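**Q** One structure, as structure tokens, below. Some questions next.
The values are calculated or read from the model by the stated rules, or taken from the named source; none is laboratory data. Since the model is a prediction, treat every value here as computed from it, not as a measurement. Reconstructed Cβ throughout: ideal geometry from the backbone, glycine too, with neighbour counts over all protein chains shown.
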Amino acid sequence: MLHNLIEPANLVRHFQAHPPEGFSTVDLNGGAPAFSAPFDLLTTVEPPLRRRMDRWPLARRWRRFLHATTCFVGTTVSEYVLLPDSAAPEQLVRALLADLAPRYPFLIIKDLPTEATLVGDAACAFSRGVADVCSEEGFVLVDGQALAYVPIDFATTDEFLSTLSHTRRRNVRRKLKSASRMVIEELRTGHAYFSDETRLRELYELYLNVYRQSDLHFDLLTPAFFRAVLQDGNMGGVVFTYRVEGALIGFNFCVFRELMLIDKYVGFAYPQSRHYNLYAVSWFHNLEYALAHGFRYYVAGWTDPEIKRELGARFTFTEHAVYVRNPVLRTLLRPFKRLFEADRRWQDASVSIAHS
């Protein structure tokens, strides 16, 4: 059994069989998924600050020490790190250090939950135990990204809209008028639609459009992964396609497990998706779907927290436990860890503005 698994287990299996481009799976005792990949420790630093740092004296020389093959305990397809319950936190962390730290300059246990909202009390307590042991063993705990979610505690989306401010509500209603121009189709994973290679390539190209325009480039999912998940009729997934005048302008791939609808991947055609406000339309379509199917939560993922806040999301944070093998670099990392916590700074600034 794995703590913190809120997705279908098949999604994780497909990740292990078809890792992102440049990634390699790592086998660990106890069954926890892990992978290795080239990684720059400055990946999560805000782009403007990263560009300024690149202009610092001798940047090329010292930056290379922050870029190395890194072992990550976790996956990029699960919201949280998946930890086996076969060992106590102390045994687990010390086994990871003994096995992995000698082999990799950086070891990161990614996305430890900091609260029980989505994972439950037992999994959260175990994860906090792991974080405590990591701190004792010399890891640096770094705040992760803001995970957006919406509790489905309303009877209609109109009721949900009523919780937003007047300005936000008016803006959302304006954007949702675009939905009348769209044909929305629901396709469960395993549907015959996904047996057509031309359609699979079209969906993958839309995914690449979103990937390429993102400020954060880390895990580039492969066509083989998309083919595997979309053709898996036993996984528990659904794809919503959005068409205008017959042309596919976007899709949204979600999975579901234990009363959660979890938004995983989108693909957009530009500029059509922006013109038709597809982000907002798909958000409210997902809320309607969650309502109709009795889900308790819509989990909306990590990126674009400001946009998701405008659409009514709440947020929960994770922590990354980072072990740097070089003791000098490990010491230097501690006072600068705030640079890597862009979403936490965003959240703190939002709270400050709200209370000013």
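**Q** Answer yes if at least one residue in region 290-307 is at pLDDT 95 or above and touching a Cys at 6+ places or on another chain (Cβ under 7 Å), and no otherwise.
**A** Checked region 290-307: no residue is at pLDDT 95 or above and touching a Cys at 6+ places or on another chain (Cβ under 7 Å).
**Q** Please go through (1) crowded, with 21+ Cβ neighbours inside 10 Å; (2) outside any strand (DSSP E or B) for E319 and return the number of the only condition it doesn't satisfy.
**A** Of (1) crowded, with 21+ Cβ neighbours inside 10 Å; (2) outside any strand (DSSP E or B), only one is false for E319: (2).
**Q** Quick one: which of Y265, Y279 is assigned to a helix (DSSP H, G or I), in contact with a helix residue (DSSP H, G or I) (Cβ under 9 Å, 6 or more places away or on another chain) and not β-branched (V, I, T)?
**A** Y279
**Q** Is there any pair with a first residue in region 1-28 that is within 15 Å of E258 (Cα to Cα) and in contact (Cβ under 8 Å) with a residue 60 or more places away in the chain and a second that is of a type outside the set (A, V, I, L, M) and in a helix (DSSP H, G or I) whose Cβ atoms are under 7 Å apart and which are 6 or more apart or on different chains, and what are they?
**A** Close Cβ pairs (under 7 Å, with a partner that is of a type outside the set (A, V, I, L, M) and in a helix (DSSP H, G or I)) amount to H3/F126; H3/S127; N4/S127.
**Q** Now a separate question. Report yes if T167 is exposed (fewer than 15 other Cβ atoms within 10 Å of the Cβ), among the hydroxyl-bearing types (S, T, Y) and not in a helix (DSSP H, G or I), otherwise no.
**A** Against the criterion (exposed (fewer than 15 other Cβ atoms within 10 Å of the Cβ), among the hydroxyl-bearing types (S, T, Y) and not in a helix (DSSP H, G or I)), T167 does not qualify.
**Q** For G120, work out the one condition from (1) on the phi > 0 side of the Ramachandran plot; (2) surrounded by 20 or more Cβ atoms within 10 Å (Cβ to Cβ); (3) out of contact with any Gly (no Cβ under 8 Å at 6 or more places or on another chain) it doesn't fulfil.
**A** Here G120 meets the rest and fails (2).
**Q** Next question, about the same structure. Checking the structure you have, find out if any residue of region 143-156 is touching a residue at least 12 places away in the same chain (Cβ under 8 Å), in contact with a His (Cβ under 9 Å, 6 or more places away or on another chain) and either outside any strand (DSSP E or B) or over 24 Å from Q16 (Cα atoms) (or both).
**A** yes
**Q** Across region 227-259, what is the total count of residues that are touching a strand residue (DSSP E or B) at 6+ places or on another chain (Cβ under 8 Å) and surrounded by 17 or more Cβ atoms within 10 Å (Cβ to Cβ)?
**A** Qualifying residue count for the region: 20.
**Q** Another question, if that's okay. Kindly indicate the residue of region 33-66 that is at pLDDT below 90 and in contact with a Gly (Cβ under 9 Å, 6 or more places away or on another chain) and also surrounded by the fewest Cβ atoms within 10 Å (Cβ to Cβ) among those meeting that condition.
**A** The qualifying residue surrounded by the fewest Cβ atoms within 10 Å (Cβ to Cβ) is P38.
**Q** Moving to a separate point now. Checking I184 against (1) surrounded by 17 or more Cβ atoms within 10 Å (Cβ to Cβ); (2) in the same structural domain as D263 (by TED's automatic domain parsing); (3) hydrophobic (A, V, I, L, M, F, W, C), only one condition comes out false. Which one?
**A** Just one mismatch for I184, condition (1).
**Q** Hey, could you check region 104-144 for residues that are aliphatic (A, V, I, L, M) and within 12 Å of E319 (Cα to Cα) and say which is nearest to the chain's Cα centre (by Cα)?
**A** Selected residue: L112.
**Q** Restricting to region 282-306, name every residue that is closer than 19 Å to V172 by Cα and in a helix (DSSP H, G or I).
**A** Matches in region 282-306: S282, W283, F284, H285, N286, L287, E288, Y289, A290, L291, P305, E306.
**Q** Within region 171-205, how many residues are assigned to a helix (DSSP H, G or I), within 22 Å of the chain's Cα centre (by Cα) and under 24 Å from P8 (Cα atoms)?
**A** So the count comes out to 2.
**Q** Which condition from (1) more than 25 Å from H191 (Cα to Cα); (2) in a strand (DSSP E or B) is the one that Y270 breaks?
**A** Single failed check for Y270: (2).
Quick grid of which residues meet (1) touching a residue at least 24 places away in the same chain (Cβ under 8 Å); (2) touching a Phe, Trp or Tyr at 6+ places or on another chain (Cβ under 7 Å); (3) surrounded by 20 or more Cβ atoms within 10 Å (Cβ to Cβ):
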position	(1), (2), (3)
A98	no, no, no
L107	yes, yes, yes
D111	yes, yes, yes
A125	no, no, no
G129	yes, no, no
D132	yes, no, no
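**Q** Restricting to region 260-276, name every residue that is buried (at least 18 other Cβ atoms within 10 Å of the Cβ) and either more than 19 Å from the chain's Cα centre (by Cα) or more than 22 Å from T316 (Cβ to Cβ) (or both).
**A** Hits for region 260-276 are G267, F268, A269, S273, Y276.
**Q** Here's another thing I want to ask about it. When you check Y242 against the structure, is it closer than 21 Å to E202 by Cα, part of a strand (DSSP E or B) and more than 21 Å from the chain's Cα centre (by Cα), yes or no?
**A** Answer is yes for this residue.
**Q** Okay, moving on. When you go through A116, A98 one by one, which is the residue that is at pLDDT 75 or above, out of contact with any Asp or Glu (no Cβ under 6 Å at 6 or more places or on another chain) and not in a helix (DSSP H, G or I)?
**A** It is A116.
**Q** Ok, one more. Report yes if some residue within region 197-216 is among the small types (G, A, S), crowded, with 16+ Cβ neighbours inside 10 Å, closer than 28 Å to V119 by Cβ and not assigned by TED's automatic domain parsing to the domain that holds V119; otherwise report no.
**A** Scanning region 197-216 turns up no residue that is among the small types (G, A, S), crowded, with 16+ Cβ neighbours inside 10 Å, closer than 28 Å to V119 by Cβ and not assigned by TED's automatic domain parsing to the domain that holds V119.
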